[in-house]
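Trainee: Quick one: the structure is below, and I'll ask about it shortly.
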């Protein structure tokens, strides 16, 4: 039967019926293998960076039982094509100048590909590029994908090379041109037909099923949970794992939600240790929220941990007892005292030393400072057994105090040494005149999110550079550390804006 081609290369476009290619006999044997509609896809691009580079040509072979259709179009990438890419593909800036943009074809391509098994040689590359282009166009594309590189390795383990060039040479697949999208998709199509002839349809079908099988970490999970996990996107975000009865178990974040969540289900091999928290009870469902970047993901993770108090998050179990050390003067001595965020606005208080989750952490640090610097434990208020005023502290008897407790060391000298020892703990002064926003930009879509802070206090986040803030104002140790670390080393794709 004739095969239908939709050819939109260059400025022209239209449908034409042609005779089956030389490998038509091989192609016909594929039909039983494709019980569901399929699309063999190949792309040409301006380079290999999945976010910065753009598509210059798309080639698609649609398979519906005995019906096979082909679609091809040059695409104006909106950026120059590097010379080495032009030399490899033959696609020049002049050729794509009058071609449609991806946005012009996006809805048509989405309709064409939706509901089909996505096949490509090195599917991660083509699938990832397409997902990003659809995102730029404001569309969501998700499909089950099969990598024919993996399929070739499973079918022909005796061969070392499985690149498309290797398959073309090994099976003498003759094409009118190479490194063009539709021609490369045709090479994959013919390879599948040849493999079916050589090994049998059953063997190829079984290999395809094995490549498509759920990852080992998903085996045995309830079907509803597997369906949820299959929908996980490959973008930054925050996720929450819930027990079978809806109890929050764990909240986490990741630059790639899919990879991070699936890692919780992966078996630990060879006696090694998993990097993920072990959750020793069944997981009933997964919820997630996408973010533009990891800074926003970190903030959202903190908010959800505080709100949900998940069983397996250590921070979720901590009581909200944020405290610090403040200095006061008594009898000429500078003495530290523990102050609490619930009683004092830390965002507007100067001369604080250290931020601690518990008062015992603050006292432990003071005790270590006293021992490490021969400061008087009695003056610092951290002596295990309090000495009478004017009596020697226990550390003096051990040679670990210079005698401030009995007047041997002048108060002025002791005060100077204490300030020197505490200097590295001093909470940094707010370095701006007012509020600031940490701006994250999605390099794929250009979307922006702002995370607003004032005096180290996180005020909330918003999309774009205006509108209401989402999230309650708060000053806590985690957000302080996050922002202070970002100011020292801003992450790629972020910027600071003073408000």
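Trainee: Criterion first (part of a strand (DSSP E or B), surrounded by fewer than 21 Cβ atoms within 10 Å (Cβ to Cβ) and assigned by TED's automatic domain parsing to the domain that holds residue 178) does residue 105 satisfy it?
Mentor: Criteria not met by residue 105.
Trainee: Can you tell me which residues in region 80-99 are surrounded by 12 or more Cβ atoms within 10 Å (Cβ to Cβ), touching a strand residue (DSSP E or B) at 6+ places or on another chain (Cβ under 8 Å) and farther than 13 Å from residue 179 by Cα?
Mentor: Residues satisfying the conditions are 81, 95, 96, 99.
Trainee: Further question on the same structure: Test of understanding: among 154, 135, which residue is surrounded by fewer than 22 Cβ atoms within 10 Å (Cβ to Cβ) and free of Cβ contacts under 8 Å to residues at least 60 places away in the same chain?
Mentor: 154
Trainee: Same structure again: Checking residue 160 against (1) loosely packed, with under 12 Cβ neighbours inside 10 Å; (2) more than 19 Å from residue 194 (Cβ to Cβ), which test does it fail?
Mentor: Failing condition for residue 160: (2).
Trainee: Tell me, please, whether a residue that is in a strand (DSSP E or B), at pLDDT 85 or above and surrounded by fewer than 21 Cβ atoms within 10 Å (Cβ to Cβ) can be found in region 263-283.
Mentor: yes
Trainee: Just give me the residues in region 353-380 being surrounded by 20 or more Cβ atoms within 10 Å (Cβ to Cβ), touching a residue at least 40 places away in the same chain (Cβ under 8 Å) and part of a loop (DSSP other than H, G, I, E, B), in sequence order.
Mentor: Of everything in region 353-380, just one residue is surrounded by 20 or more Cβ atoms within 10 Å (Cβ to Cβ), touching a residue at least 40 places away in the same chain (Cβ under 8 Å) and part of a loop (DSSP other than H, G, I, E, B), namely 375.
Trainee: Might you check whether a residue that is modelled with pLDDT under 90 and over 22 Å from residue 296 (Cβ atoms) occurs anywhere in region 246-259?
Mentor: yes
Trainee: Now a separate question. Collect the residues in region 339-352 that are within 14 Å of residue 426 (Cα to Cα) and in a helix (DSSP H, G or I), keeping them in residue-number order.
Mentor: Within region 339-352, 346, 347 qualify.
Trainee: Looking for something in contact (Cβ under 8 Å) with a residue 24 or more places away in the chain, under 44 Å from the mean Cα position of the chain (by Cα) and surrounded by 13 or more Cβ atoms within 10 Å (Cβ to Cβ) - is there at least one such residue anywhere in region 411-418?
Mentor: yes
Trainee: Identify the single condition in (1) farther than 21 Å from residue 91 by Cα; (2) surrounded by 18 or more Cβ atoms within 10 Å (Cβ to Cβ); (3) in contact (Cβ under 8 Å) with a residue 40 or more places away in the chain that residue 144 does not satisfy, given that it satisfies every other one.
Mentor: That leaves (2) as the condition not met.
Trainee: So, one more: Answer yes or no: is there a residue in region 424-442 that is touching a strand residue (DSSP E or B) at 6+ places or on another chain (Cβ under 6 Å), exposed (fewer than 12 other Cβ atoms within 10 Å of the Cβ) and farther than 30 Å from residue 330 by Cα.
Mentor: no
Trainee: Is it true that residue 448 is touching a residue at least 40 places away in the same chain (Cβ under 8 Å), touching a strand residue (DSSP E or B) at 6+ places or on another chain (Cβ under 7 Å) and surrounded by 15 or more Cβ atoms within 10 Å (Cβ to Cβ)?
Mentor: Criteria met by residue 448.
Trainee: Quickly run through region 381-397 and pick out the residues that are at pLDDT 80 or above and part of a loop (DSSP other than H, G, I, E, B).
Mentor: Within region 381-397, 381, 382, 392, 393 meet the criteria.
Trainee: Something else now. Looking only at region 231-260, count every residue that is surrounded by fewer than 17 Cβ atoms within 10 Å (Cβ to Cβ) and free of Cβ contacts under 8 Å to residues at least 24 places away in the same chain and tell me the total.
Mentor: Within region 231-260, residues that are surrounded by fewer than 17 Cβ atoms within 10 Å (Cβ to Cβ) and free of Cβ contacts under 8 Å to residues at least 24 places away in the same chain number 1.
The values are calculated or read from the model by the stated rules, or taken from the named source; none is laboratory data. Everything numeric here is computed off the predicted structure, so don't read it as measured data. Positions of Cβ are backbone-derived with ideal geometry, glycine not excepted, and every protein chain shown enters the neighbour counts.
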